[in-house]
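Heads up: the structure comes next, in structure tokens.
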Amino acid sequence: MDRREFVALAAAAPFGLRASLAAAAAPRHALVTCDEEGRLAVVDLAAFRIVRWIATPAAPRAIELVGERAVVAHWTLGSVSIVDGRRLLHVVEGIDEPRYAAAHPDGVHAFVSDSGHGVAVVDTRSGRIVGRSRLPGWPRHVSVDAAGRTLWVGLGSSSARVAVVDVSDPRRPQLVALVAPPFRAHDVAVAPDGRVWVTSGIAGRTAIYSAGRALHMTLAADAAPQHVTFGRGVAYVTSGAAGTLRVQSLADARILRSTRIPIGSYNVQCRWGRVITPSLSRGTLSILDAKGALLATVRVSRSCHDACFAPA
């Protein structure tokens, strides 16, 4: 179908279908942190190239899509910036060492881990801190369930415990439990089915917990630390040290595929049938399809710690 045929079909379609066709035709982009520069790269996920840059404060390290905006952590500065797909909107001060963020399903609130302190809640529309919760350890990776009621927080890069926080009122997070995994934990990720994948900071192991915090199973994994994201019926588990991405069934954790990716590809996200993982040591962004096949590796910067999908 060429562009004229698409336009004619869109014009003749009902409004709802026209909106769907327009969304399908819209370019899809990723935002990639350039760790040693004060900017983000905007990468076209179809053309596999950088199409523009977004200026930010220095040393952007972690990034998360929250509704129509993205939250960027600058932990060496003690600040958080908020961007859309084209420009800087806010700089939020008052978080001593922001590490990572998780998006509340309302598309407004971001839960930002503050290492050595706890979790700060940021309203991404106003660019203000609207809540806090004190937590032990050195809060790092965070993940919230689909209902927006429970937040899981890793308490360090290799921690003996993981915090479980009630965020049913997103502006009043409350610590409700500390879970001790069978190994020292690194990443935490809540799956669409409500179970929680906890990876290791020191060993080739992963644990899966029920939504009720009971240990469901432990699995062998590639070299630590591992990171996890989810697609339709699957988990994608990276090992930056091994340079691998595993596709595993959510039903039984069976390995469906293992793909080689650049060494240093730790953080990983999935959306729109694409999986993206940046390399901390190579400065690349790897783009894979939903089955885990590598489509392209785009050179971005000297070091890229994190990436997220850009607001539509």
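The values are calculated or read from the model by the stated rules, or taken from the named source; none is laboratory data. As the structure is a prediction and not an experimental result, all values here were calculated from the model. Note that we place each Cβ from the backbone using ideal geometry, even for glycine, and neighbour counts take in every protein chain shown. Surface accessibility is based on the protein's heavy atoms, side chains included, excluding ligands, DNA and RNA. Shrake-Rupley method; radii C 1.70, N 1.55, O 1.52, S 1.80 Å.
Taken together, ILE95, ILE63, ILE54 contain a single residue that is touching a Cys at 6+ places or on another chain (Cβ under 6 Å), among the hydrophobic types (A, V, I, L, M, F, W, C) and open to solvent by less than 20 Å² (accessible area, probe 1.4 Å), which is ILE63. Taking residues in the range 62-73 that are assigned to a loop (DSSP other than H, G, I, E, B), and partners anywhere that are modelled with pLDDT of 95 or more, the pairs with Cβ atoms closer than 8 Å and at least 6 places apart or on different chains are GLY67/ALA103; GLY67/ASP106; GLY67/GLY107; GLY67/VAL108; GLY67/THR124; GLU68/ASP84; GLU68/GLY107. Name every residue in the range 261-278 that is open to solvent by 30 Å² or more (accessible area, probe 1.4 Å) and of a type in the set (A, V, I, L, M), in order of residue number. The answer is ILE263, and nothing else. Just one residue in the set GLY107, GLY131, GLY137, GLY148 is without any contact (Cβ under 8 Å) to a residue 40 or more places away in the chain and among the small types (Gly, Ala, Ser); that residue is GLY137.
Entry remark, the range 80-93: residues being in contact with a Pro (Cβ under 7 Å, 6 or more places away or on another chain) and not in a strand (DSSP E or B) number 2 in total.
The number of residues in the range 27-40 being assigned to a strand (DSSP E or B) and surrounded by fewer than 24 Cβ atoms within 10 Å (Cβ to Cβ) comes to 3. Exactly one residue out of ARG132, ARG125 is under 21 Å from LEU31 (Cβ atoms) and either assigned to a strand (DSSP E or B) or modelled with pLDDT of 95 or more (or both): that is ARG125. Within the option set SER258, SER281, being open to solvent by 10 Å² or more (accessible area, probe 1.4 Å), assigned to a loop (DSSP other than H, G, I, E, B) and among the hydroxyl-bearing types (Ser, Thr, Tyr) holds for one residue only, SER281. Taking the residues in the range 66-87 that are open to solvent by less than 10 Å² (accessible area, probe 1.4 Å) and of a type in the set (Val, Ile, Thr) as candidates, determine which candidate is nearest to ASP306 (Cα to Cα). Filtering the range 66-87 for residues that are open to solvent by less than 10 Å² (accessible area, probe 1.4 Å) and of a type in the set (Val, Ile, Thr), the one nearest to ASP306 (Cα to Cα) comes out as VAL72. Evaluation of ARG232 against the conditions (1) open to solvent by 20 Å² or more (accessible area, probe 1.4 Å); (2) more than 18 Å from the chain's Cα centre (by Cα); (3) not acidic (Asp, Glu) shows that the sole unmet condition is (2). If only residues of the range 204-219 that are among the hydroxyl-bearing types (Ser, Thr, Tyr) and in a strand (DSSP E or B) are counted, the one that is surrounded by the most Cβ atoms within 10 Å (Cβ to Cβ) is THR206. Among the residues making up the range 41-51, those that are open to solvent by 20 Å² or more (accessible area, probe 1.4 Å), touching a strand residue (DSSP E or B) at 6+ places or on another chain (Cβ under 8 Å) and either of a type in the set (A, V, I, L, M, F, W, C) or over 22 Å from LEU288 (Cα atoms) (or both) are PHE48, ILE50, VAL51.
Does LEU77 qualify as being at pLDDT 95 or above and either in a loop (DSSP other than H, G, I, E, B) or β-branched (Val, Ile, Thr) (or both)? Yes.
Looking only at residues in the range 117-143 that are more than 16 Å from the chain's Cα centre (by Cα), among the hydrophobic types (A, V, I, L, M, F, W, C) and under 19 Å from GLN174 (Cβ atoms), which one is most open to solvent (accessible area, probe 1.4 Å)? Looking at residues that are more than 16 Å from the chain's Cα centre (by Cα), among the hydrophobic types (A, V, I, L, M, F, W, C) and under 19 Å from GLN174 (Cβ atoms), I get ILE129. Among the candidates ASP96, ASP106, the residue that is among the charged types (D, E, K, R), more than 18 Å from ALA70 (Cβ to Cβ) and part of a loop (DSSP other than H, G, I, E, B) is uniquely ASP96.
Listed here are the residues, each with its yes/no results for (1) at pLDDT 95 or above; (2) within 16 Å of ALA101 (Cα to Cα).
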{"residue": "VAL7", "(1), (2)": "no, no"}
{"residue": "ALA12", "(1), (2)": "no, no"}
{"residue": "LEU31", "(1), (2)": "yes, yes"}
{"residue": "VAL43", "(1), (2)": "yes, no"}
{"residue": "ARG49", "(1), (2)": "yes, no"}
{"residue": "ILE54", "(1), (2)": "yes, no"}
